[in-house]
Every structure is written in C-alpha cells, then in structure tokens.
1. Mind checking Rg over Rh on region 1-60, alpha carbons, Kirkwood formula for Rh?
2. If I take the Cα coordinates of region 90-189 and project them onto the principal axes, what are the three extents in Å, biggest first?
3. Which residues make up the longest stretch of the chain clear of GluC sites (Glu not before Pro) that lie in a DSSP loop with no more than 16 other Cβ atoms within 10 Å, not counting the sites?
4. If you average 1/r across every pair of different Cα atoms in region 32-98 and take the reciprocal, what Kirkwood value do you get, in Å?
5. With every protein chain present, what is the per residue accessible area of region 10-122 (1.4 Å probe, Å²)?
6. GNM, the chain, Cα, under 10 Å: largest mean-square fluctuation among A80, A163, A123?
7. Which values of log₁₀ I(q)/I(0), to two decimal places, follow from the Debye formula for the chain at q = 0.13, 0.14 Å⁻¹ with a uniform point scatterer at every Cα?
8. Compute the distribution of all C-alpha to C-alpha distances in region 25-168, in bins of 10 Å from 0, and list the percent of pairs in each, rounded to whole numbers.
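The values are calculated or read from the model by the stated rules, or taken from the named source; none is laboratory data. Model, not experiment: these values are computed from the prediction. All Cβ positions, glycine included, derive from the backbone under ideal geometry; neighbour counts span all protein chains shown. For accessibility, only protein heavy atoms count, side chains too; no ligands or nucleic acids. Shrake-Rupley method; radii C 1.70, N 1.55, O 1.52, S 1.80 Å.
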Amino acid sequence: MVEGASAKKGATEKFITRFSEIYTPIVIVLAILVFAVPFVFGWLGFSESAHRALVFLVSSCPCALVLSVPLAYFAGIGAASKNGVIIKGSEYCEQLAKVKNAVCDKTGTLTSGNLHVEEIRTAGGFSEEEVLRFAAAAETLSNHPIAKCVVARAKETGIEIPAADKASEIAGKGVTAEISGSAVACGSKKLFEHLGIGLPEENGANLYLAVDSVFAGSIFLEDTIRPEAAESLEKLRSLGVEHSFMLTG
C-alpha cells in the first residue's frame, strides 16, 4: 500500500518532476557552453574553462529540489505507516497540511470504550432485573460496545439471559426481537420513532426498552475519557486545526 501511495504524486511533486525534466538538460547545455566558448575562442585555457564549467554545473544542479521534495513525501508516508496510518499518496499529504477542521470518533478514540451500566430506570411496572434481562437478551445479537456492556452487566449480576427469536437489528437505531413470548424493542430514541412507540420522557439514556409496545425502562451507561485525548486535541490545534468535532451515535 505504501508503494502504491508513492505513485500518487501531489501537485508540488509533479511540478518538481516536470521542472527537473526541463531544467536539467538546460543546465547541462549551459555548462558545456561555459566550457566550450571561452576555450574555443582562446579566452581561457582548458583547465580554467573546465573549472568554471564544473562550478556552474554544481551550483546550478537541481538535486536539492529534485531529490529532497519526493524523498520528503516518501519519508512522511513511510513514517506514518509505521504508526498505523496509511496515506494514499503525496497529494493527500498536501491536503492534510491545509486541514482546519478535525472530526473524531468518540468510542475507543476520545473515550476508552470501557462502558459500564451506571443506572437503570424502570417504568410500566417492570423491575430493574426484568429491564436488564430483556435488554441483555436483545443485545446479545449486536457487537456494539453498548450491547456488550449490557450483556456483561447481566452476567455479572447472575441474570439468566433468555434466547431471542425473530431478531432484527436496525442499523443505527437498535434491535427488535421476540423474547419469552414478548415483542421486545431495545435501542435509541430513533428506534422508538421508527417503530411508532411513544416515550414518556426523553431522559438522555443510552438505551430505551419496550416490551409489547409498552415502555419498560431506560439504561444509562458511562464511559471514561482516554488520558491522551486532551493532549491529542491540543496537538491538532497547534498544527493549525481550528475546530474539533466529535462524531458519535
């Protein structure tokens, strides 16, 4: 992938390559003239003419540009790959240098992703144990960090998690399933809007639960900010990023 990236040249690298294709032959021709003209016309001897031609050739050599610019891009792409970052070409290095806004994922990026259940609120006559049992049964079908957290909490408290039938995961919203003969919906506010189930209150919970279209309760989870998150954002700001945004479900 790095070898492929080095083939995708940016505007600056393309310009330097094109520049060298024109400039280098011109310099060589002029160096020959600097040697030949004074020597042929007898103005200077062979050694002096050759010396002046070589001085001109060395001082006019485009090596500093022709070698350093592509090498700088290649070294940058290679160094990034060692740190797990794949840049698809030098043209993207140039774009990265101009970035003014950064969008960061939340879970596992700005936060540790080690969620834990902080609070369970009940409604409709359901107990905390019932809310957790139904939610865990529905969330066993999902690999989302929130789902794993709920299932882990149920196992920690010794709740027997029933099997879920006719399960369906609605991307970005939640899960519906038939559990112990009841139709269960577990997910975000968007899921309840999608299913047309009313919420008595929107309390900022991470998960809402409904059993047989009746709101049963809500589950609150907490995450911890990664220690290096603040430092990373400060570094981005020092590199010219003016605004940082958090993208989260």
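1. Rg/Rh for region 1-60 comes to 1.30.
2. For region 90-189, the Cα spread along each principal axis is 58, 27, 22 Å.
3. 1-159
4. Evaluated on region 32-98, it is 15.1 Å.
5. Numbers: 7350 Å² over 113 residues.
On a per-residue basis, region 10-122 sits at 65 Å².
6. A80
7. -0.91, -0.96
8. 9, 19, 13, 11, 13, 9, 6, 7, 7, 5, 1, 0
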